[in-house]
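The values are calculated or read from the model by the stated rules, or taken from the named source; none is laboratory data. Keep in mind that this is a model prediction, so the values were computed, not measured. When we count neighbours, we look across all protein chains shown, and the Cβ atoms used for this are built from the backbone with ideal geometry, even at glycine. Heads up: the accessible areas ignore ligands, DNA and RNA and are worked out on the full protein's heavy atoms, side chains in. Shrake-Rupley method; radii C 1.70, N 1.55, O 1.52, S 1.80 Å.
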Amino acid sequence: LLYFTGSVLLAPSPAVEHNTMYYLKGAAAGGICCSITHGALCPVDVVKTRVQLDPVKYNKGLVGGFRQVIAEEGAMALTTGLGATAAGYFVQGWFKFGGVEFFKIKTVESIGEAKAWENKTLIYLGAAAAAETIADIFLCPLEAVRIRAVSDPEFCDGLADGFSKMLKTEGVTGFYAGLIPILAKQVPYTMAKFAVQGSVADMIYGSMGKSPSDLSDATNLGISLSSGVVAGVASAIISHPADTLLSKVNKAGAGGDGPMFTRLANIAKEVGFVNLCTVGLLPRCVMIGTLTAGQFGIFDTVMGALGASKYHFHNPNE
C-alpha cells in the first residue's frame, strides 16, 4: 500500500492542468512540512506552553525555561506531546496547504488571471481562512491531548493513552473545548502567514525582475525561507492572545465551570489583556518564525520532488 501510494504521488503531474493528483501532492507536501517543523520545534513549544500556563514559576525567559524543565523533569520532558504534535500537524498541514492551493486555484479559474492578479491578497486571505477552518476541526482533538500532556506530564503515556483518558473523563466535547480559541488563533495566523509570505515573495521576485521559473531551485528556496521568516513573525504576533487562551483553556479546571465562552472570559479576565498579548511572545516569535520559514521551504522542496510546483500569481499582461 505504501509503495503504491508513493508511486502514485511520484507520478508527474501535467504541466498546466491542476487536477486531483496535483491537489493530493500539495496536501501530502503540506502534511510532511508541518509534521516535520512542528515535531522538530516540540521542545520550544513545551517551554512556551509552560510559560503561558505558569508564568510565575517559569519567569526566566526561553533559555531559563529550558533549564528549569530539564533540571526538574529531565531532558525527555522536552519531547512531551511529540506524538500528538507530529500526527496532529500532519493532518492540519494536509488540509491547510492542500486547501490553500485548492481554493486559490479554483478562485483564479473562476474569475480569471487578470482579476486574480489584482486581488491576489484577498484571494490569499480567503483561501487561507477556508482551508484553516477545515484543518482545525481535525487538529483540535490532537492539540487538546498535546496541551494536556504538556501541562500535566503524568496525564498519559502517549497519544493513544491520552485520547482514551480524555474520552473517558470528558467525553467527545472535551476534545473540542479549545475549538473556539484554536480557530481564533489559527485562522488569523494562517491568513497572515500566507498573505504576508506571498506578498514578500512577490516583492522579492519583482525587485529582481524575475519569475520563479526564471530562477534556480536554490534561489527559489532562499526566497521561500526569507519570506517565511517575515510571515512567521507577523502571524505569531497577530495570533498570540488566542494562543495563550488555547493553552490555558485545555488545562484541567481552567476558567471554572460553565459554557466555553464563560470559561474563556474568566481566563481572559484573570490573565489581563497585556499578559495575553505578551507572555511567551518572544519564544513564540522564535518558534513560529523558524517554523514558518521551514514549512514553506520544505513544502516547495517536496512539491518539486513529487513533480509539481506551487501555483504563483502572475500578471497576464506582462
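Conditions tested, residue by residue: (1) surrounded by fewer than 20 Cβ atoms within 10 Å (Cβ to Cβ); (2) more than 28 Å from Val91 (Cβ to Cβ).
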residue	(1), (2)
Thr20	yes, no
Gly30	no, no
His38	no, no
Val46	no, no
Val51	no, no
Asp54	yes, yes
Lys57	yes, yes
Lys60	yes, yes
Ala71	yes, yes
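Given the criterion open to solvent by 40 Å² or more (accessible area, probe 1.4 Å) and either free of Cβ contacts under 8 Å to residues at least 24 places away in the same chain or within 26 Å of Ala234 (Cα to Cα) (or both), identify the matching residue among Gly178, Gly209, Gly198.
Selected residue: Gly209, the only one of Gly178, Gly209, Gly198 that is open to solvent by 40 Å² or more (accessible area, probe 1.4 Å) and either free of Cβ contacts under 8 Å to residues at least 24 places away in the same chain or within 26 Å of Ala234 (Cα to Cα) (or both).
Annotation: Glu72 fulfils all but one of (1) in contact (Cβ under 8 Å) with a residue 60 or more places away in the chain; (2) over 18 Å from Tyr176 (Cβ atoms); the unmet one is (1). Restricting attention to segment 55-83, the residues that are farther than 15 Å from Asp157 by Cβ and among the hydroxyl-bearing types (Ser, Thr, Tyr) add up to 1. In segment 179-202, the count of residues that are of a type in the set (S, T, N, Q), more than 19 Å from Val229 (Cβ to Cβ), part of a helix (DSSP H, G or I) and modelled with pLDDT of 85 or more is zero. Being open to solvent by less than 50 Å² (accessible area, probe 1.4 Å) and either without any contact (Cβ under 8 Å) to a residue 40 or more places away in the chain or more than 18 Å from Cys33 (Cβ to Cβ) (or both) is the filter here; which residues of segment 212-229 pass it? Hits for segment 212-229 are Leu215, Gly222, Ile223. Take the conditions among the charged types (D, E, K, R), at pLDDT 80 or above and either part of a loop (DSSP other than H, G, I, E, B) or in contact with an Asp or Glu (Cβ under 9 Å, 6 or more places away or on another chain) (or both) and apply them to Lys251. Does it pass? No, not satisfied. When the helices (runs of 4 or more DSSP H) confined to segment 76-156 are screened for residues that are modelled with pLDDT of 85 or more, hydrophobic (A, V, I, L, M, F, W, C) and buried (at least 18 other Cβ atoms within 10 Å of the Cβ), those reaching at least 3 such residues are found at 82-111, 120-151. Among the residues of segment 51-69, those that are at pLDDT below 80 and part of a helix (DSSP H, G or I) comprise Val51, Gln52, Leu53, Gly61, Leu62.
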